[in-house]
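The block underneath contains the structure these notes are about, expressed in structure tokens.
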Amino acid sequence: MSRLVVSDVCKAYTGKNTTDSVVALQNVTFTVAHNEFCSILGHSGCGKTTLLNMIAGFERLTSGKLLLDETPVGKPGWERAVIFQDYALFPWMTVYENIAFGLEMKKVPLKERTYVTEQHVQLVGLAGFEKRYPHELSGGMRQRVAIARALAVDPHVLLMDEPFAALDAQNRAMMQNEMIRIWETERKTVIFVTHSIEEAIKLSDRIIVMTCRPGHVKENIVVDLPRPRHEEDPAVTTLKRRIRSLINKELEDESCTAKKNGL
Amino acid sequence: MEQVVDKAQSKTLKVSVLSQLRNLTLLSILLIAWQLISTKLLSESMALLMPPPTALATAAWELIKSGELLHHLLSSLKRELWAFLLAAGAIPLGIAMGWWKIVHNQMDPLIEILRPIPPLAWIPLSILWFGIGDSQNVFIIFLGIFFPILLNTITGVKNVETNLIRAARCVGANEWNVLRRVVFKAAFPQIVTGIRVGLGVGWMALVAAELVGASSGLGFLINDARTMLRTDIVIVGMLTIGVAGLLIDVIIRKLSRRLLPWSVGLSK
């Protein structure tokens with residue numbers, strides 16, 4: 001079981017003066033079920049990446065609790081593998097070496113390591129590219145390597161930080177479909193940070209809509225639609241409209257408060 | 001089809017050879033002018049100070065034939081190599097300084113005081129410490145190589161992308177593996193740059209060190225030739241120093257391109 005509980009999480013960055021301090025997240029609470037695909041949706045600056053970094057163990061929480069299978073999350077570890085927007089592949093390693101890296105760190109015996117690595121090369125559709133270096137690959141292929149590297153260590157949770165944001169529209173759509181295929185083959189609990197409503201709807205079982213300054217959960221939406229989901233599907237368009245109005249309202253509110261404050 | 005390709009290839013080859021030859025025009029004119037001035041215009045005593053290229057060629061051939069040039073070149077190279085091996089200690093030190101703040105804070109004042117002192121300023125003290133000979137020379141060259149490697153390593157380590165370190169940690173790498181497998185590798189191109197700069201500075205320091213404190217080496221050769229007014233040998237020695245310095249740099253560049261095929265892609 002890999003259940004993630006986010007409970008009353010707050011994050012504040014303290015500056016030199018108290019006025020410099022910024023509250024990035026306030027009382028964020030939600031639960032992600034075992035093998036659930038959960039998107040965290042919000043504008044840039046709403047603290048969604050901060051939240052992901054805290055789940056990964058890169059940053060500490062100011063207060064609140066983060067529990068993975070009833071245990072508080074600590075330092076970064078293979079149970080919570082991360083996929084970054086900029087891929088973060090090791091440029092001096094080949095595709096194969098990149099994917100095998102985590103297994104090596106986990107001290108998996110060579111025979112099993114080879115087997116698991118090859119299996120994941122296949123899974124992400126990179127057979128034949130094992131000996132290439134990252135700089136020889138396109139953006140989409142690099143992200144496939146990153147996905148394979150993260151999945152190879154068999155993490156309990158897969159954390160994805162706007163993984164397809166750097167890709168062009170065509171590649172992004174293709175990688176989203178690939179992501180669903182991969183996830184259906186190798187079920188995982190996934191936390192997927194994005195600012196694209198369409199992307200969130202296309203992929204997720206659950207969408208956490210976040211609002212800005214300080215970031216908190218505006219709405220926790222369960223998406224109970226069969227995959228693949230088509231853009232023209234009325235259920236999808238209704239949901240899209242609903243989320244858009246949630247987010248737009250937030251923007252309006254913000255400009256209202258800004259006006260009130262004379263900014 | 002193939003014929004067309006062949007033709008195109010031979011054409012580009014011809015063009016590139018031609019353009020390379022064209023680039024040598026000025027140099028050739030200068031050499032010819034030099035030859036004419038030394039042999040026709042200058043008086044014999046003046047020509048002694050400015051021997052013509054042909055005289056240099058003769059001197060060079062003599063030095064090569066007798067093995068003298070090779071002997072001096074090798075002893076210079078040997079010193080440079082020894083100094084480099086010692087100065088390579090700057091790599092682990094630089095990694096430690098770039099990685100752990102406490103090491104940086106402790107080492108930094110010391111290094112900031114020592115670094116601006118030119119290696120040549122150490123020559124008098126080093127002669128008193130080591131006497132005249134190899135160890136003194138190696139010490140001076142070592143100082144020349146050490147600091148460029150150290151500073152470049154520190155910068156390289158500090159500039160390693162945070163996400164690469166995070167990516168390693170989140171698939172289970174411990175501190176030692178992060179340092180060895182990620183930080184060192186990611187900083188390596190910058191370390192190689194440090195080595196290139198360092199060997200260049202070291203090579204300059206080497207000649208100066210040999211001018212005053214050696215009985216062999218290219219620096220010794222040109223200074224020794226000066227006392228006998230053999231300007232031809234002096235100039236041949238100078239050219240050898242230049243060519244050898246250039247070759248060291250070219251070899252390291254080629255080697256690093258060979259060893260770091262991925263860093264070429266990085267710089268794109």
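Find the residue count for the range A:139-150, including only residues that are over 12 Å from A:Tyr96 (Cα atoms) and at the interface with chain B (Cβ under 10 Å from one of its Cβ atoms).
1
Quick check on A:Glu79: is it more than 8 Å from every other protein chain (Cβ to nearest Cβ), surrounded by fewer than 20 Cβ atoms within 10 Å (Cβ to Cβ) and over 16 Å from the mean Cα position of the chain (by Cα)?
On the way: more than 8 Å from every other protein chain (Cβ to nearest Cβ): yes; surrounded by fewer than 20 Cβ atoms within 10 Å (Cβ to Cβ): yes; over 16 Å from the mean Cα position of the chain (by Cα): no.
It is false that A:Glu79 is more than 8 Å from every other protein chain (Cβ to nearest Cβ), surrounded by fewer than 20 Cβ atoms within 10 Å (Cβ to Cβ) and over 16 Å from the mean Cα position of the chain (by Cα).
Restrict the check to the range A:10-25 and report whether at least one residue is small (Gly, Ala, Ser) and in contact with a Cys (Cβ under 6 Å, 6 or more places away or on another chain). Break it down into steps so the answer makes sense when it comes.
Restricting attention to the range A:10-25, the residues satisfying the condition of being small (Gly, Ala, Ser) are A:12, A:15, A:21, A:24.
Narrowing the set further to residues that are in contact with a Cys (Cβ under 6 Å, 6 or more places away or on another chain) leaves none.
No, the range A:10-25 contains no residue that is small (Gly, Ala, Ser) and in contact with a Cys (Cβ under 6 Å, 6 or more places away or on another chain).
Go through (1) touching a helix residue (DSSP H, G or I) at 6+ places or on another chain (Cβ under 7 Å); (2) at pLDDT below 85 for B:Gln3 and report which single condition fails.
It fails just one condition, (1).
From B:Gly156, B:Gly172, grab the single residue that is buried (at least 19 other Cβ atoms within 10 Å of the Cβ) and not in a helix (DSSP H, G or I). I'd like the intermediate steps shown before the answer.
Values: B:Gly156 fails: not in a helix (DSSP H, G or I).
It is B:Gly172.
Please enumerate the residues belonging to the range A:49-73 that are under 18 Å from the mean Cα position of the chain (by Cα) and small (Gly, Ala, Ser).
Once the filter is applied, which keeps residues that are under 18 Å from the mean Cα position of the chain (by Cα) and small (Gly, Ala, Ser), the range A:49-73 yields A:Ala56, A:Gly57.
Restricting the search to the range A:116-138, which residues are outside any loop (DSSP other than H, G, I, E, B), away from chain B (no Cβ under 14 Å) and buried (at least 16 other Cβ atoms within 10 Å of the Cβ)? Let's see the steps before the verdict.
Applying the first criterion (outside any loop (DSSP other than H, G, I, E, B)) to the range A:116-138 yields A:116-123, A:134-136.
From what is left, the residues that are away from chain B (no Cβ under 14 Å) are A:118-119, A:121-123.
Once the filter is applied, which keeps residues that are outside any loop (DSSP other than H, G, I, E, B), away from chain B (no Cβ under 14 Å) and buried (at least 16 other Cβ atoms within 10 Å of the Cβ), the range A:116-138 yields A:Val121, A:Leu123.
Being within 18 Å of the chain's Cα centre (by Cα) and in contact (Cβ under 8 Å) with a residue 60 or more places away in the chain is the requirement here; does B:Ser256 meet it? I'd like the intermediate steps shown before the answer.
Values: within 18 Å of the chain's Cα centre (by Cα): yes; in contact (Cβ under 8 Å) with a residue 60 or more places away in the chain: yes.
In short, yes.
Taking the range A:9-52 on its own, how many of its residues are surrounded by 14 or more Cβ atoms within 10 Å (Cβ to Cβ) and among the charged types (D, E, K, R)?
3
Consider B:Asp108 against the criteria (1) crowded, with 17+ Cβ neighbours inside 10 Å; (2) of a type outside the set (Gly, Ala, Ser); (3) away from chain A (no Cβ under 14 Å): it satisfies all of them except one. Which criterion is unmet?
(1) is the only condition that B:Asp108 fails.
Among the residues of the range B:76-85, is any within 22 Å of the chain's Cα centre (by Cα), within 23 Å of B:Trp203 (Cα to Cα) and small (Gly, Ala, Ser)? Walk me through it before giving the result.
First, the residues of the range B:76-85 that are within 22 Å of the chain's Cα centre (by Cα): B:76-85.
With within 23 Å of B:Trp203 (Cα to Cα) added as a condition, the list becomes B:76-85.
Then drop every residue that is not small (Gly, Ala, Ser), which leaves B:76, B:83.
Yes, the conditions are met somewhere in the range B:76-85.
I'd like to check which helices (runs of 4 or more DSSP H) are fully inside the range B:198-268 and have at least 2 residues that are modelled with pLDDT under 90.
Values: elements: B:218-227, B:231-259, B:261-267.
Fully inside the range B:198-268 and qualifying: B:231-259, B:261-267.
Among the residues of the range B:90-108 satisfying the criterion of being of a type outside the set (Phe, Trp, Tyr) and in contact (Cβ under 8 Å) with a residue 40 or more places away in the chain, which is nearest to B:Ile145 (Cα to Cα)?
From the range B:90-108, those of a type outside the set (Phe, Trp, Tyr) are B:90-98, B:101-108; that's our starting set.
So of that shortlist, the ones also in contact (Cβ under 8 Å) with a residue 40 or more places away in the chain come out as B:90-91, B:93-95, B:97-98, B:104.
Values: B:Ala90: 9, B:Ile91: 11, B:Leu93: 14, B:Gly94: 13, B:Ile95: 16, B:Met97: 18, B:Gly98: 19, B:His104: 20 Å.
Looking at residues that are of a type outside the set (Phe, Trp, Tyr) and in contact (Cβ under 8 Å) with a residue 40 or more places away in the chain, I get B:Ala90.
For the range A:191-217, give me the residue count where each residue is free of Cβ contacts under 8 Å to residues at least 60 places away in the same chain and surrounded by 19 or more Cβ atoms within 10 Å (Cβ to Cβ).
2
Residue-by-condition table, conditions (1) over 24 Å from the mean Cα position of the chain (by Cα); (2) at the interface with chain A (Cβ under 9 Å from one of its Cβ atoms); (3) free of Cβ contacts under 8 Å to residues at least 40 places away in the same chain; (4) under 30 Å from B:Leu81 (Cα atoms):
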residue	(1), (2), (3), (4)
B:Gly131	yes, no, yes, yes
B:Gln136	no, no, no, yes
B:Pro148	no, no, no, yes
B:Gly156	no, no, no, yes
B:Thr162	yes, yes, yes, no
B:Glu175	yes, no, yes, no
B:Leu179	yes, no, no, yes
B:Val182	yes, yes, yes, yes
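Restricting to the range B:175-206, name every residue that is surrounded by fewer than 22 Cβ atoms within 10 Å (Cβ to Cβ) and more than 30 Å from A:Met93 (Cβ to Cβ).
B:Gly200, B:Val201, B:Met204
Can you tell me which residue within the range A:59-75, out of those that are in contact with a strand residue (DSSP E or B) (Cβ under 8 Å, 6 or more places away or on another chain) and within 14 Å of another protein chain (Cβ to nearest Cβ), is farthest from A:His156 (Cα to Cα)?
A:Glu59
Can you say whether A:Ile55 is within 14 Å of chain B (Cβ to nearest Cβ), over 22 Å from A:Asp205 (Cα atoms) and not in a strand (DSSP E or B), as far as the supplied structure shows?
Working: within 14 Å of chain B (Cβ to nearest Cβ): yes; over 22 Å from A:Asp205 (Cα atoms): no; not in a strand (DSSP E or B): yes.
Against the criterion (within 14 Å of chain B (Cβ to nearest Cβ), over 22 Å from A:Asp205 (Cα atoms) and not in a strand (DSSP E or B)), A:Ile55 does not qualify.
The values are calculated or read from the model by the stated rules, or taken from the named source; none is laboratory data. Remember, it's a predicted structure, so these values are computed and weren't measured experimentally. No Cβ is skipped: glycine too gets one built from the backbone with ideal geometry, and neighbour counts run over all protein chains shown.
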